[in-house]
Amino acid sequence: MSTCFSLTGSTACGELGAQMIAASGPIQNASTVDTYVATLLGTEHFATTYGCSGYTGHFVRYQQSLICNYLVAVSAAACAALSTAPYQPLCAASCAANAASVNALFGDAAVCPASSSSAASLQERSAFNATQLLTCQDAFATNDPATCWQGLSVETQFVGFRYAADAASFCGASCLDAADAALCAKFLSNSSLVPSFVPASTANSTATPATSASQLLPVPFAQLTNAQKLSLITPARTLPYIASGIAWGVMVLFGILWGVVLKLQRWNNHITIAFRPEPLQGRATLRRQNQGGNRPKRQSIFSSIFGGSVYADTDINGDATDVSKNPTQSQSRTALRYQRQRAKKAGRHTEAAAKTSSIRQSIYSIFGKSSSNSYQNFEDDTITLEAPAAPFPPPVGSGANKLKMKVITPFTGVEYDEMTVKIGDVLIIKETFSDGWCLAKQAATGMVGIVPLVCLDSIGSNKKMKAQTRPPARRESRQVFGR
């Protein structure tokens, strides 16, 4: 950990006495600061380091202010908390003025002749420009007079120079900006000002510039090491900034990957709009599809014989349906009805009437005699159909035309479309299927589902009711019909 000391008592940097800087190399206290600043301001350092043998110490602006402020700036991370007053950095305009004045000397053949400009000195000039640019951009980046100051009074009294003659020459020029014009006006109004700090000369210098620069923390007049350059941007290397950078990097990477996924996605294989699916062929078909496409399809008895449901004119709730939704079926029934009427008037049977009569006789021969009750009676594994006298069963509408049956054996539904019934429930039969099941509606509650026909009997039958929670009919029907 660096040892910090105050600049109080320093002659060169006394106006920054409330600030603390880190001890390093030849700088250990306020007096050694004065020695070091005097060495850097001397002519020997400039001539030796940059190959400018004609340099006399004139025409450099804000040199002393820049050195003192830089020592405070590079020590801020370790010592700022110990300072007795907030630190106001040097204004960016003063830093830029120093760089401009030094580069003007580099371009003056009288100050920096080619004979003394070796490859090493040219490299040092390039390093100075790079370091000075980094310093002005990072350490002294503001011109707000509320947060920065123009420089030490020993230089601001001479418009940034150390000598009155240099200030007089500078103020005699035209095209001054507002800040320099104000300083020139103040200088010209009080020409008796003299510098209070004299730079070290070549004769009384006690330390070589090269030794001082190598032992000191980063200074703007020597080439900086990598670590010294990073010390200028310490805040950007703290954990919050690092975490923020990582987070932004992850978000950008995720956005790129997501764009690639969207680009490569084969949208033709995906449904991107909502639509209403076509109606399925009854709940039994839905079950068959859910349980696998190879299961035998349940067929309606009336659908297989007559070509349509026995209750084709009603929906599952017993309400009348719109025949316009099935124009083919409506046209077929209308044509048959029209043919029967013509046959009756003509006193003879048409081909359609003969076909109807043949179908009716087939039903009688297969399922037994007809009954006026118009219901289906299934006992155990034998299916007996008491067909109506009419060629076609009447549609289920209301009143006595509804096919009603009562429950004689309780049944507990297991699948999603099976309905639980108890003894004595009255069911309205909607449709019967070839595997011994039927679609029915509870007369009392309106619940709709499928139940085994062996659990039902006609209303008025004297068959003894069986009190079982799970009838053998269900198991037999599954064995016989493959449910």
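Taken along its principal axes, the alpha carbon cloud of the range 406-452 reaches lengths of 25, 20, 19 Å, longest axis first. One chain, two ends: LEU262 and SER115. Fully extended at 0.36 nm per residue, the span grows by 46.2 nm beyond their Cα-Cα distance.
Net charge of the neighbourhood of TYR55, taken over other residues with C-beta under 11 Å away and scored Lys/Arg +1, Asp/Glu -1, is -2. Cβ-Cβ distance of ALA100 and LEU239, R₀ of 35 Å, FRET efficiency by 1/(1 + (r/R0)^6): the value works out to about 0.35. Summing charges over all other residues whose Cβ lies under 15 Å from the Cβ of PRO89, with Lys and Arg as +1 and Asp and Glu as -1, gives -3. Using 0.36 nm per residue and subtracting the Cα-Cα separation, the extra length available between MET251 and SER169 on full extension is 23.7 nm. How would you classify the range 114-157 from its alpha-carbon gyration tensor, with a ≥ b ≥ c the square roots of the eigenvalues: rounded for a/c under 1.5, else prolate if a/b is greater than b/c, otherwise oblate? Since a/c reaches 1.5 but b/c is at least a/b, the shape of the range 114-157 is classed as oblate.
By the count of neighbouring beta-carbon atoms within 10 Å, fewest first, ILE242, ILE428 end up ordered ILE242, ILE428.
Every number in this text was worked out from the coordinates using simple rules, so none of it is lab data. Just so it is clear, the structure is predicted and the values come from calculations on it, not from any experiment. Please note: Cβ atoms are built from the backbone with ideal geometry, for glycine as well, and neighbour counts cover all protein chains shown.
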